[in-house]
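Here's the structure, in structure tokens; my notes come after.
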């Protein structure tokens, strides 16, 4: 349920300005934001990414102060990130922003309430379930207990009346996993980690064959070609 | 001035070879850069097409009725390189998953492209052969000239009919490639039908003129060849427009020049149409006009 993530790199591979997305050891020196002012991105793309980067880790308008620590704790368990990670992705704040700005995706599993209601009810129910089992709210539990409780949600093994009309198992699949991973991988820090080039708008890719690389794509440091990759990544703009 | 007249057909052939070589040079430079020169051999057409272009321009300016050994050598090398290139491209298609499938014909190395280099070489060689015969012509009477031209001891490339045949096959092949690529592009612009309809007509008429030797046929062929030559120019214009229509337009040229319609492709039609016209001139020269002489 909680993917074990490789520890964030330290040392030269992780050099990056504070506040800038972190740099991945697999794509040394690659910073997708180097493409910002290149032909790869246009004004619209820059606007969208700038908005995403402007979201502060504690910004929340949709979730109330009561719900906020719970949603943050859930996000931290589904995709754990080191506290000192550079360019840490503010997943909970991005979720808040998304639910506030566009409260519907235009489709949903009919067995679940609308996205905004589902999240609010689930956070409430999760805290109730946590109080029932441990006498503490969800965000106050240690990581092991949090994981165990989330696993019960994933299996649908939660029975408090607070879950009425909200099938926990479906909520976990459709909202927890879907929203949290999607928001994480919509952030430039995650793009740097996986060597993704960000929006192909307007410039896409022209070398489509397997194992080919456009000069504006991240270069992977396969064993023995770390320096080569670093040089190529310095020129992705 | 008389020399200019005498070598006119040869220089016209040098010119069509130049157009083809330029098309090959630009096209292979762009496409092989896109292929990251993955195989070292991918540099070869750039070198040989540059030499062919240079030789052809010099040839087009050279009115001396003499075969030029270096030019002839370059042309032979170009034709040979083109043949080897056809093999490489077939290998590239064959080694991909699916082998000879529509997908690979659309997106692997273009199967017919190196043929343009073969044609540039053949046209160039025929230009040099024409000069060579031109020099033998000096001092001989018109009657012996015609006798020599029609005798079987002449190299086949000197024959206008053979040249017309080569040009016709080249035009048909180029039209087939345009058909494949424009089908891939779903003929989304009605103008995309032009290169798959006009050149095939020109190729058919030219081929028929080559086979039958009919003057009437060659008059019609001339007409369509001129239209095809114009189409080659117009095609570049359409492809420039095509690039502009891709996302980001010309400002996003580093993507769209590679991803959009190939700018250097349509002039191949012009080059082959010019050689077709030169071939018809040669046929006229080589066929004695009965009754007038």
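Summary of computed values
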{"quantity": "Only one of B:153, B:135 that is modelled with pLDDT under 90 and over 16 Å from residue B:286 (Cβ atoms)", "calculated": "B:135"}
{"quantity": "Restricting segment B:80-124 to residues that are outside any helix (DSSP H, G or I) and surrounded by 14 or more Cβ atoms within 10 Å (Cβ to Cβ), the residue that is modelled with the highest pLDDT", "calculated": "B:114"}
{"quantity": "Candidates B:69, B:63, B:9 - the one that is under 17 Å from the mean Cα position of the chain (by Cα) and either under 21 Å from residue B:163 (Cα atoms) or crowded, with 17+ Cβ neighbours inside 10 Å (or both)", "calculated": "B:9"}
{"quantity": "Segment B:223-257, residues that are surrounded by fewer than 17 Cβ atoms within 10 Å (Cβ to Cβ) and within 14 Å of another protein chain (Cβ to nearest Cβ)", "calculated": "B:244, B:245, B:247, B:249, B:250, B:251, B:253"}
{"quantity": "Test: residue B:179 is surrounded by 20 or more Cβ atoms within 10 Å (Cβ to Cβ) and either in contact with a helix residue (DSSP H, G or I) (Cβ under 6 Å, 6 or more places away or on another chain) or within 20 Å of residue B:26 (Cβ to Cβ) (or both)", "calculated": "no"}
{"quantity": "Members of segment B:235-246 that are without any contact (Cβ under 8 Å) to a residue 40 or more places away in the chain and part of a helix (DSSP H, G or I)", "calculated": "B:236, B:237, B:239, B:240, B:241, B:243, B:244, B:245"}
{"quantity": "Neighbours by Cβ (under 7 Å, 6+ apart or cross-chain): first from segment B:260-278, in contact (Cβ under 8 Å) with a residue 12 or more places away in the chain; second assigned to a loop (DSSP other than H, G, I, E, B)", "calculated": "B:260/B:246"}
{"quantity": "Number of positions in segment A:163-183 that are surrounded by fewer than 19 Cβ atoms within 10 Å (Cβ to Cβ) and touching a residue at least 40 places away in the same chain (Cβ under 8 Å)", "calculated": "6"}
{"quantity": "Positions within segment A:143-157 being in a loop (DSSP other than H, G, I, E, B) and at negative phi, in sequence order", "calculated": "A:157"}
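The values are calculated or read from the model by the stated rules, or taken from the named source; none is laboratory data. What you are looking at is a predicted structure, and each value in this text was computed from that prediction instead of being measured. Cβ coordinates were reconstructed from backbone atoms using ideal geometry, including for glycine residues, and neighbour counts include every protein chain displayed.
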